[in-house]
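Participant: Below is the structure I would like to discuss, written out as structure tokens.
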Amino acid sequence: MKTEVIALAKEAERGAAEGARVLREGGLVAFPTETVYGLGANALNGRAVLGIFAAKGRPADNPLIVHVAHREALAEFACPDERAKALIETFWPGPLTLVLPKKDVVPNEVSAGLPTVGVRMPAHDGALALIRRAGLPVAAPSANTSGRPSPTCAQDVYEDMAGKIPLVLDGGPCLWGVESTVLSLAGEATVLRPGAVTPEEIGRVIGKVLVSPAALAPLKEGETAASPGMKYRHYAPKAEVILADGPTPEARAGVALRLAQNSPGRCRILATEETCGFYGGQDCVIMGSSKRPETLCAALFHCLRQADRDGVARVVLEALPPEALGLAYMNRALRAAGFRVALPTAGEF
Ligand code: AMP
Ligand code: MG
């Protein structure tokens with residue numbers, strides 16, 4: 001299959017029209033959002049939705065998020081309570097997915113057999129134009145091959161999806177670079193996956209909110225995942241990834257330097273403005289500032305993919321305090337590293 005790429009900066013109208021046509025015919029379209037690129041299909045067509053699982057190699061028990069173009073659409077697919085209504089007033093359009101009891105119109109292929117469905121309204125003109133033009137809810141996970149880092153630009157999508165899907169809409173780099181916050185309201189409000197909308201911000205609207213322990217720790221043996229996505233290997237490039245941790249930025253930089261010096265093959269440190277001075281002579285890329293974790297989130301997935309393109313054998317990431325957007329960063333960094341964390345005292349890597 002030939003994969004067409006339409007640049008929305010030049011051809012927004014044709015992009016939305018072509019995308020809408022493909023979606024209505026049951027095909028797949030990769031499209032930009034403010035979080036990461038999504039791989040979309042008509043959410044009401046179970047067969048079309050199965051195409052997403054095939055193109056990504058996604059496990060069938062990992063549900064998809066339904067993307068809508070207006071707030072009122074939430075009640076067509078899910079059963080919102082007062083908390084949900086207050087949250088969408090505040091955060092939609094935006095990077096917050098609500099998991100709620102689902103309505104029967106949502107096929108089981110979307111919810112992976114769960115009684116709940118995740119719904120979100122993206123804050124991106126290209127995504128909203130596509131959904132509106134198609135006149136359909138769009139089921140979409142991230143547009144990467146399952147397990148790889150999520151795509152944050154059209155080139156990343158093309159790398160994984162060329163030949164597998166007919167159309168990529170190129171909207172340039174994504175604003176946030178990490179996937180939406182997934183909040184379950186199917187019981188006590190619980191953040192299943194941290195993202196750009198933080199637990200503190202959610203708490204200011206609805207009061208108490210829990211954060212799933214799976215946000216920062218691997219599932220224990222025999223434990224069931226509230227969010228099935230959390231049990232799979234995730235965000236991993238081909239390179240070995242190790243997270244350098246320690247009590248201070250200097251201590252973390254010391255660990256990162258040791259990991260680079262001990263690396264059996266070519267190593268790259270994904271550093272910050274604050275720490276790059278520690279790494280003289282090493283292959284080091286400055287992702288952003290640890291004072292602004294959103295800059296690190298925006299760069300992380302693209303830098304992991306670039307490391308593979310450059311043939312790097314080991315990637316070293318620096319840990320951040322898991323606060324505000326640092327929580328979303330650490331959730332991805334720990335999974336990319338397969339929970340391999342190096343500390344100042346231990347020299348196991
Ligand atoms: P992705 O679009 O690749 O970010 O994947 C969607 C994420 O949302 C996965 O981690 C899913 O496990 C999670 N998700 C989607 N729907 C539900 C649901 N009904 N219950 C719990 N988690 C969900
Ligand atoms: Mg994904």
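The values are calculated or read from the model by the stated rules, or taken from the named source; none is laboratory data. Fair warning: this is a prediction, and the values are worked out from it, not measured in the lab. Because the Cβ atoms are built from the backbone with ideal geometry, glycine has one as well, and the counts that use them run over all protein chains shown. Ligands, DNA and RNA are stripped out before the accessible areas are found, and what is left, the full protein with its side chains, is counted by its heavy atoms. Shrake-Rupley method; radii C 1.70, N 1.55, O 1.52, S 1.80 Å.
Participant: Within the range 260-273, which residues are open to solvent by 60 Å² or more (accessible area, probe 1.4 Å) and of a type outside the set (S, T, N, Q)? Before you say what the answer is, go through the steps one by one.
Facilitator: The first filter runs over the range 260-273 and keeps only residues open to solvent by 60 Å² or more (accessible area, probe 1.4 Å), leaving 261-262, 264, 266, 273.
Correct list: Pro264, Arg266, Glu273.
Participant: When you scan the range 233-242, do you find a residue that is under 17 Å from the mean Cα position of the chain (by Cα), among the basic types (Lys, Arg) and open to solvent by 60 Å² or more (accessible area, probe 1.4 Å), even just one?
Facilitator: Of all residues in the range 233-242, those under 17 Å from the mean Cα position of the chain (by Cα) come to 233-237.
Narrowing the set further to residues that are among the basic types (Lys, Arg) leaves 233.
Keeping just the survivors that are open to solvent by 60 Å² or more (accessible area, probe 1.4 Å) gives 233.
Yes, the range 233-242 contains a residue that is under 17 Å from the mean Cα position of the chain (by Cα), among the basic types (Lys, Arg) and open to solvent by 60 Å² or more (accessible area, probe 1.4 Å).
Participant: Which condition number in (1) open to solvent by less than 30 Å² (accessible area, probe 1.4 Å); (2) of a type outside the set (Val, Ile, Thr); (3) at pLDDT 95 or above is the one that Pro228 fails?
Facilitator: (3)
Participant: Only one residue in Arg309, Arg335 is in contact (Cβ under 8 Å) with a residue 24 or more places away in the chain and basic (Lys, Arg). Which one? Quick ask: steps written out before the conclusion?
Facilitator: Values: Arg309 fails: in contact (Cβ under 8 Å) with a residue 24 or more places away in the chain.
Among Arg309, Arg335, only Arg335 is in contact (Cβ under 8 Å) with a residue 24 or more places away in the chain and basic (Lys, Arg).
Participant: If I filter the range 159-183 down to residues being open to solvent by less than 20 Å² (accessible area, probe 1.4 Å) and in a strand (DSSP E or B), which single residue comes out as nearest to Gly26 (Cα to Cα)?
Facilitator: Selected residue: Leu167.
Participant: Then there is this: Kindly indicate whether Gly118 is farther than 20 Å from Ala299 by Cα and within 16 Å of ligand 2 (Cβ to nearest atom). Step through it out loud before you land on a result.
Facilitator: Numbers: farther than 20 Å from Ala299 by Cα: yes; within 16 Å of ligand 2 (Cβ to nearest atom): yes.
So Gly118 fits the description; yes.
Participant: Please give the number of the condition Arg21 fails out of (1) out of contact with any strand residue (DSSP E or B) (no Cβ under 8 Å at 6 or more places or on another chain); (2) over 23 Å from Val182 (Cα atoms); (3) open to solvent by less than 20 Å² (accessible area, probe 1.4 Å).
Facilitator: (3)
Participant: If I ask for residues that are open to solvent by 10 Å² or more (accessible area, probe 1.4 Å) and in contact with a strand residue (DSSP E or B) (Cβ under 6 Å, 6 or more places away or on another chain), which ones from the range 249-259 would you list? Break it down into steps so the answer makes sense when it comes.
Facilitator: As a first pass, look at the range 249-259 and keep what is open to solvent by 10 Å² or more (accessible area, probe 1.4 Å): 249-252, 254, 257-258.
Across the range 249-259, the qualifying residue is only Arg252.
Participant: Moving on to the next point. Filter the range 191-208 for residues that are more than 13 Å from Gly118 (Cβ to Cβ) and under 21 Å from the mean Cα position of the chain (by Cα); which is surrounded by the fewest Cβ atoms within 10 Å (Cβ to Cβ)?
Facilitator: Within the range 191-208, the first condition is being more than 13 Å from Gly118 (Cβ to Cβ), and the residues that meet it are 194, 196-208.
Then drop every residue that is not under 21 Å from the mean Cα position of the chain (by Cα), which leaves 194, 196-202.
Details: Pro194: 28, Ala196: 25, Val197: 23, Thr198: 20, Pro199: 21, Glu200: 11, Glu201: 16, Ile202: 23.
Filtering the range 191-208 for residues that are more than 13 Å from Gly118 (Cβ to Cβ) and under 21 Å from the mean Cα position of the chain (by Cα), the one surrounded by the fewest Cβ atoms within 10 Å (Cβ to Cβ) comes out as Glu200.
Participant: When both residues are 6+ apart or on different chains and their Cβ atoms are under 9 Å apart, which pairs have a first residue that lies in the range 133-156 and is within 22 Å of Val117 (Cβ to Cβ) and more than 10 Å from ligand 2 (Cβ to nearest atom), and a second that is of a type in the set (Ser, Thr, Tyr) and at pLDDT 95 or above?
Facilitator: Going by the 9 Å Cβ cut-off, there are no qualifying pairs.
So that you can scan it fast, the table gives a plain yes or no per residue for (1) within 30 Å of Ile206 (Cα to Cα); (2) in a loop (DSSP other than H, G, I, E, B):
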site	(1), (2)
Ala30	no, no
Leu39	no, no
Leu44	no, yes
Arg47	no, no
Gly51	no, no
Ala55	no, no
Arg58	no, yes
Pro63	yes, yes
Val66	yes, no
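Participant: Suppose the filter is of a type in the set (A, V, I, L, M) and farther than 22 Å from Ala12 by Cα; does Ala112 pass it?
Facilitator: On the way: of a type in the set (A, V, I, L, M): yes; farther than 22 Å from Ala12 by Cα: yes.
Judged against the criteria, Ala112 is a match.
Participant: Keeping to the range 24-50, report how many residues are away from ligand 2 (no atom under 16 Å from the Cβ) and open to solvent by 10 Å² or more (accessible area, probe 1.4 Å).
Facilitator: Counting residues in the range 24-50 that are away from ligand 2 (no atom under 16 Å from the Cβ) and open to solvent by 10 Å² or more (accessible area, probe 1.4 Å) gives 10.
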